[in-house]
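What follows is one structure encoded as structure tokens, with my remarks underneath.
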Amino acid sequence: MSVSAHETGKPGRSFRIDLKTAGPLVALIALCIIGYSLNPAFLSEGNIANILTRSAFIGIIAVGATFVITAGGIDLSVGSMAAFIAGVMIIIMNSAVEAFGVSIWTVLLGCGSSLILGIGAGFINGFLTTKGKIEAFIVTLGTMGIYRSLVTYFADGGTLSLNSSAREIYRPIYYDSILRIPIPVWVFIAVAIIGWVLMNRTAFGRYCMAIGSNEHVARYSAIKVDRVKTATYILQGLCVSLATIIYVPRLGSASSATGVLWELEAIAAVIIGGTMLKGGFGRVGGTVIGALILTAIGNILNLTEIISNYLNGAVQGVIIIAAVYLQRGSLRAGKRKAAE
Amino acid sequence: MSVSAHETGKPGRSFRIDLKTAGPLVALIALCIIGYSLNPAFLSEGNIANILTRSAFIGIIAVGATFVITAGGIDLSVGSMAAFIAGVMIIIMNSAVEAFGVSIWTVLLGCGSSLILGIGAGFINGFLTTKGKIEAFIVTLGTMGIYRSLVTYFADGGTLSLNSSAREIYRPIYYDSILRIPIPVWVFIAVAIIGWVLMNRTAFGRYCMAIGSNEHVARYSAIKVDRVKTATYILQGLCVSLATIIYVPRLGSASSATGVLWELEAIAAVIIGGTMLKGGFGRVGGTVIGALILTAIGNILNLTEIISNYLNGAVQGVIIIAAVYLQRGSLRAGKRKAAE
Amino acid sequence: QDQIKIGVSIPAATHGFMGGLNWHAAEAEKRLEAANPNIDLIIVTADGPADQASDLEDLVSVHGIQALVVLPFESEPLTEPVRAVKDSGAFITVVDRGLTDPSIQDVYVSGNNTEMGKVSAEYMKTRLGEGDNIVILRGIPTVLDTERFDAFMAEIEGSGINVLDNKFANWNRDDGFEVMQDFLSRFPDIDGVWAQDDDITLGVVEAVKAAGRDKELFIVGGAGMKEIVKGVMDGDELVPVDVLYPPAQIATAMDVTVAHFVSNGPVRGSYILGSPLITQENAAQFYFPDSPF
Amino acid sequence: MANAAGETAPAILAANRISKSFGEIPVLFSIDFDIHPGEVHAIIGENGAGKSTLIKILSGLEQPTSGTITYDGQTVTLPPNGEAEAMGIVVIHQELLLAEHLTVADSIFLGRELTRNGFLRLREMREQAAKILDTLHVHVDPDARINTLSVADKQMVEIAKAISRDARVLIMDEPTAVLSVAETETFFAQIRRLSAKGVAVIFISHKLDEIMELADRVTVLRDGQLIATVGNQDLTPDSIAQMMVGRELSNLYPPKHEPDVDAPLLLSVTNLSAPGLKEISFELRRGEILGFAGLIGSGRTAAAEAIVGLIHRTGGAVELRGAPVNFTEVSQSVAAGLAYMTKDRKGKGLLLNVGLQPNLTLLTLAKHMRSGFLDGKSEVKALDRAVRRFDIRARDASVRVGQLSGGNQQKLMLGKMMESEPEIIIMDEPTRGIDVGTKQQIYHIIAALAAEGKAIILISSEMQEVIGLSHRVLVMREGRMAGVLEGAEIGEAQIMRYAAGIKQGGDDERISA
Ligand SMILES: Nc1ncnc2c1ncn2[C@@H]1O[C@H](COP(=O)(O)OP(=O)(O)OP(=O)(O)O)[C@@H](O)[C@H]1O
Ligand SMILES: Nc1ncnc2c1ncn2[C@@H]1O[C@H](COP(=O)(O)OP(=O)(O)OP(=O)(O)O)[C@@H](O)[C@H]1O
Ligand SMILES: [Mg+2]
Ligand SMILES: [Mg+2]
């Protein structure tokens, strides 16, 4: 009478995994079809490279956000943090150029300081949240204001620009390709894979889910809750710093307008990807697709002139809602089928 | 041995209520002391009236947000919704003036349409969240974009201005006082009291808390979960429309810049007030104080010169974090005392 | 014959001035496309520098534009992306905010932020003198705001006029209203206000009127919003003048760019539009009742 | 104090004069307790006696206010947060401690994942999980998410989790409260295997027959005081009950009053189908108690939930007092006088983070309104009533329900449901985690309700309870009705035969492998 449970379980499981990825993918494919029908140039190699490269920023940040949100937190400071890190990177590289002249070391110094700043900023968010026991929303709303102010202050209300000769060396990191794939896309791919492995193939990912799902349970399971939570913020900071490293050569400058609203975009990418805002359940793969969806929407709006520019935001809103609905819908339909 | 539960319960309970209100209050009082010491004009009657009147917008919206958040939702669309409602109100009132001339009915028509729009917009958010089963974050992020776009579109990218003779009649609603208290403050007081009663003295408030703390339990307890959740969004829409009704006479105009970031301010007021972002626990009184704290911070920064303008945001961030820390801290200290 | 595609990249209509600019761009598109059947203008709007850089990429890769009219969100970050467009062979017209490398542009059309600050200060000096007090409401911390502010401060220096304080009002009416309210409760004696932008001005006007202090001071705004220009025309004493910073410059730029393709000779050079003081006498020529701004 | 015979090894874990207070409220008074390798030591006592608190102290989750713990002869301070598990002290808590979003395999290995070079060995964990579940005869997919499991399955996962760990001391707080006889048997077999290997087992249960069957020694607590520690051979169920409650317990079950044969039909269900449920039919008369028996996951809960509209019905009909009904929300069924009490008190029954009063009245707030507003006085009165009727023991009414002892939570939930004054009552595991003394009270309440003319469906995994109270018993198996027993047929052997699938249908004895 003992039906071997795991045997009957198998098919259901692989099916479910398919559906998980399928949800956001369906939405992305629908978008691509719309894009192509509006303007065939949408699927040109150049345009696809553009979309991929652009989505790298938000995508990399969103991978970090997936961990924070999965563990039940939220980070509103990522956009300002990016502006702040970019600003400080530029200041440091410029002074390095003045002191030692330009070399590849200038760029490495900049990248190094970016990583340190990202980790530090993430740690501060994590520390205030866990040890200070202040809601993540408030902590990161606060640091969001702080970082944005600081970059404005450093830039004296204007723009911080990278020394042009340093920029020359640094430029390829954004603009060059390896094997016809732009470098930012390679970074994005690497971050996504590492993120996926961390989330699904390491104890850390499990701990994030457990904490987001039920902090008591996690605590009683001897998980060092505060440490893991802080680690998610540090990871987020690290992702922001990576995104900044590939962002700085693109525009070569930072100002108070850098990274505005990235936090909202990153969180949206995460949620569109199927991670739950309340935590407990994270999908790095979905996040990647979510970031692509958001970038593709912006790109599609540039493809056509049929819509008044004033209505861009409305179209964007409708598509986001529709995409998520579609995704959830296909998931539900799939489940119903599985139940039969 | 069965200790009659509610008898021993009484003192403990009332004590906790004191503490609940005390937390944010302590932070507000600390802020007032700082404000006064930086500039005695802070406590002048005129300035206090300014602070109270200004906080009315965010405060009224935040009272609505308290319900949404308590029931486990979130509404990012309030700022755009306010701009949208203001825009449509102005359009309607202007056409009414053209068609029928100016009278008190013009204003009443405007207010009536505001209420209908608010309720409708709230219903849409609620419906998409509950029946569409789309995350509140995504739904309201979408409608946020939609409303903001629509107002930009209606205004042709510019500003919608209320007909000046209609404005003459409408103006007192913002600028007049009754018993030396400005009318917006009266509205705020009324909304706060009604909100408090709703939250603490009616079944609806209880249901919101139940849903936010455990939706399953709510469903098993015969609560119409979808209906209550939708009602919270409608209530939020109603609050936005009330806020808009007192906002429009202030400047007599609406544009795409109206209400930008109000959602963040409203949510911040709610959280500073001690409501939990994850839902299940709402404090209308705290929200009111949270709104006052936020307005007071902005006001204090305008009353002094000691801080570089560029750093306003940083100071704001630090104060918000500190205020919440202070509040939680005093709560913890109080609990410890109670425990002894 | 071949369609000539011209991309127009501008910031989104997030406040009054940009709204006016968007309107003028849309009007110019209609007018120019009607007059020149072989011209296709494509207007895209951006929410930030990075977003605008993406727009530029799309204009090249998807639309294959032959010319670009761009009002850069910020000068420095957009320099390289515009250069990339230039490298694709397009004719470049830069509007308002110059690139860090002027050699990229074929045509430059601009208002003059420095002059705007200077003209405003000059007017202040005609009305006020030794010991008089003014307050300043600034825009959003950006290069052009800093240019205006610095020029104003340089001009006002030595005049004996006290600048009591300056605060950012984010080119926003509500912020203008609130910041001015706080200035009013802080300073019992204010003789003049430089609001720098007409959106801010509208908020300031309400705050001053509500405080009943509209007899003791005057306000200088900027940009040329139609409501303000109308007021100046009608002899408003609270806002007696305005300083032009024309949102119609985008239309000028589009005209010039189209002319490059449809007229005989090539078009090149800089078109710097001045920031004249709008007074009751000349206001009529700056008044566009149909514009949303 | 008597000791179990033949024990020579020194105590592995001992509590010495342990006291515990929460704030000002004392919960344990100077308790001595010890456990030896290979021994099964049961702790019993009334609800709120302090059993769970004692084992929390023995596992480091709570620190004692005074007294010491010795482990392996050493006086130790046990580390908090489940870290004592690394020392070999493994606990199954009374309140299920599983993260809802994780899978079964993830949960079993949470906190001590198998890794290679930092990567999870997923397949290995899944296989091991499947193996453990198999030895317990639990039919759940190791990849299923916890939030898709029924309470009983969750409990089995908890058990699997605990026995999969390298325990030297295994502490279990009412692991069998929601298990039926068959599951309990396989579970006990595992316990015996472990204790034969030298694992010390501490075991809390309110089921006295289980205690008699499994325990070598029994410690009795009452009101936080140690009453006695007694060897098994000196015990009878009656003597245990006597020690626990402090008085003689006679007639656990009230006498059955057969309902009128021609009492009106209140509920009639025909061919009811729903996910996990196929073609259930039965009738319920006024004054009748209908027992639902079956193994866990046999669909009893699904049947109840389909009737009240909590899960969507895919077929069949339900008639209430002769009129067809199709509830889609609980509010409709409550309004029609049909109430369902869930067995999942933590997940679906009670709000753990609020106080007693809001929980009690949540289902029936409409009754506590005066001109549209909540009437606090009336709510207080209701709580007062429920506290007396169901003997709810909270040391302080301001405590959050999550801080109540398990049994008292259960009583509160009973009170909550009874507040709606239903005519038809479906109770799912009504005495889950309730001490014998109170059980007796509750049985009498149930019988009295039936005698008043209410109709009751009693879903229970405690077979004695079903047998002792029900007029008829419906046995379910794998989502179907396996049979209905009446009168003298109602007995343990018959029920088991139907539940296990040895006997099917009504009369014909078909043996199915
Ligand atoms: N965290 C806490 N804060 C306050 N009181 C508590 C807390 N935990 C337990 N108590 C109280 O301690 C007493 C003993 O509870 P405990 O859970 O140990 O009882 P129990 O013997 O396990 O009962 P049951 O058989 O019902 O599970 C109860 O009165 C309970 O309310
Ligand atoms: N195949 C299925 N599809 C969907 N839901 C199901 C399925 N099987 C069971 N459920 C749901 O799982 C929950 C557990 O129900 P189930 O009827 O299996 O428990 P039960 O037999 O009452 O268990 P116990 O014997 O422990 O009381 C119910 O809410 C039911 O709706
Ligand atoms: Mg066109
Ligand atoms: Mg217990």
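Could you figure out which of (1) more than 16 Å from ligand 4 (Cβ to nearest atom); (2) closer than 30 Å to D:Asp396 by Cα; (3) within 25 Å of the chain's Cα centre (by Cα) isn't true of D:Lys367? Looking at each condition in turn, D:Lys367 falls short on (3). Going by the structure shown, is C:Glu155 modelled with pLDDT of 90 or more, in a helix (DSSP H, G or I) and among the acidic types (Asp, Glu)? Taking the combined requirement at face value, the residue satisfies it.
The single condition among (1) within 24 Å of the chain's Cα centre (by Cα); (2) near ligand 2 (Cβ under 7 Å from one of its atoms) that D:Val308 does not meet is (2). Considering each residue of segment D:98-116 in turn, at least one proves to be within 16 Å of ligand 2 (Cβ to nearest atom) and surrounded by fewer than 22 Cβ atoms within 10 Å (Cβ to Cβ). Against the test of being among the β-branched types (Val, Ile, Thr), open to solvent by less than 30 Å² (accessible area, probe 1.4 Å) and modelled with pLDDT under 95, the options A:Val248, A:Val228, A:Val191 yield a single qualifying residue, A:Val248. Being of a type in the set (A, V, I, L, M, F, W, C) and more than 21 Å from D:Arg345 (Cα to Cα) is a condition met by no residue of segment D:421-435.
Residue check: is D:Glu95 touching a residue at least 60 places away in the same chain (Cβ under 8 Å), more than 16 Å from ligand 2 (Cβ to nearest atom) and surrounded by fewer than 20 Cβ atoms within 10 Å (Cβ to Cβ)? Answer is yes for this residue. In segment C:40-52, the qualifying residues are those that are away from ligand 3 (no atom under 16 Å from the Cβ) and surrounded by fewer than 23 Cβ atoms within 10 Å (Cβ to Cβ), and the one that is farthest from A:Gln316 (Cα to Cα) is C:Gly48.
Please state which one of D:Thr148, D:Thr176 is under 18 Å from A:Val217 (Cα atoms) and among the hydroxyl-bearing types (Ser, Thr, Tyr).
Of D:Thr148, D:Thr176, the one residue that is under 18 Å from A:Val217 (Cα atoms) and among the hydroxyl-bearing types (Ser, Thr, Tyr) is D:Thr148.
When C:Val239 is tested against the conditions (1) of a type in the set (Val, Ile, Thr); (2) touching a helix residue (DSSP H, G or I) at 6+ places or on another chain (Cβ under 8 Å); (3) open to solvent by 40 Å² or more (accessible area, probe 1.4 Å), the lone failure is (3). Within segment D:421-466, how many residues are assigned to a loop (DSSP other than H, G, I, E, B), modelled with pLDDT of 90 or more and in contact with an Asp or Glu (Cβ under 7 Å, 6 or more places away or on another chain)? So the answer is 2. Scanning segment C:67-87 for residues that are surrounded by fewer than 20 Cβ atoms within 10 Å (Cβ to Cβ) and at pLDDT 90 or above yields C:Arg83, C:Lys86, C:Asp87. Can you tell me how many residues within segment B:262-300 are in a loop (DSSP other than H, G, I, E, B) and hydroxyl-bearing (Ser, Thr, Tyr)? Adding up the residues that qualify gives 1.
Quick grid of which residues meet (1) more than 14 Å from B:Val78 (Cβ to Cβ); (2) away from chain A (no Cβ under 12 Å):
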| residue | (1), (2) |
| --- | --- |
| B:Val107 | yes, yes |
| B:Cys111 | yes, yes |
| B:Leu117 | no, yes |
| B:Leu128 | yes, no |
| B:Lys133 | yes, no |
| B:Val139 | no, no |
| B:Gly145 | no, no |
| B:Ser149 | yes, no |
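Every condition in (1) modelled with pLDDT of 85 or more; (2) farther than 30 Å from C:Lys30 by Cα is met by A:Val324 except one, and the failing one is (1).
Of the residues in segment D:475-486, not one is within 14 Å of chain A (Cβ to nearest Cβ), free of Cβ contacts under 8 Å to residues at least 12 places away in the same chain, over 26 Å from B:Ala222 (Cα atoms) and more than 16 Å from ligand 1 (Cβ to nearest atom).
The residue list C:Tyr245, C:Tyr271 contains one member that is open to solvent by 10 Å² or more (accessible area, probe 1.4 Å) and either of a type outside the set (Val, Ile, Thr) or away from chain B (no Cβ under 14 Å) (or both), which is C:Tyr271. Going by what's in this entry, would D:Glu127 be described as open to solvent by 10 Å² or more (accessible area, probe 1.4 Å) and closer than 26 Å to D:Ala14 by Cβ? No; evaluated as a whole, the condition is false for this residue. Residues in segment D:32-52 that are within 11 Å of ligand 1 (Cβ to nearest atom) and assigned to a strand (DSSP E or B): 3 in all. Here D:Ser461 meets each of (1) free of Cβ contacts under 8 Å to residues at least 40 places away in the same chain; (2) among the hydroxyl-bearing types (Ser, Thr, Tyr); (3) more than 12 Å from chain B (Cβ to nearest Cβ) with one exception, condition (1). Those residues that are within 12 Å of another protein chain (Cβ to nearest Cβ), over 20 Å from the mean Cα position of the chain (by Cα) and open to solvent by 20 Å² or more (accessible area, probe 1.4 Å), I need them from segment D:401-432; list them, please. D:Ser420, the sole residue that qualifies.
Is at least one residue of segment B:82-100 buried (at least 24 other Cβ atoms within 10 Å of the Cβ) and more than 19 Å from B:Val260 (Cβ to Cβ)? Checking segment B:82-100: at least one residue is buried (at least 24 other Cβ atoms within 10 Å of the Cβ) and more than 19 Å from B:Val260 (Cβ to Cβ).
Exactly one residue out of D:Ile57, D:Ile25 is within 12 Å of ligand 1 (Cβ to nearest atom) and crowded, with 20+ Cβ neighbours inside 10 Å: that is D:Ile57. Considering every residue within segment D:229-236, establish whether at least one is assigned to a loop (DSSP other than H, G, I, E, B), exposed (fewer than 12 other Cβ atoms within 10 Å of the Cβ) and not β-branched (Val, Ile, Thr). The answer is no; no qualifying residue exists.
The values are calculated or read from the model by the stated rules, or taken from the named source; none is laboratory data. Here the structure is a predicted model, which is why all the values come from computation and not from measurement. Glycine also receives a Cβ, built like all others from the backbone with ideal geometry; neighbour counts cover every protein chain displayed. In case anyone asks, the SASA skips ligands and DNA or RNA and just uses the protein heavy atoms, side chains included. Shrake-Rupley method; radii C 1.70, N 1.55, O 1.52, S 1.80 Å.
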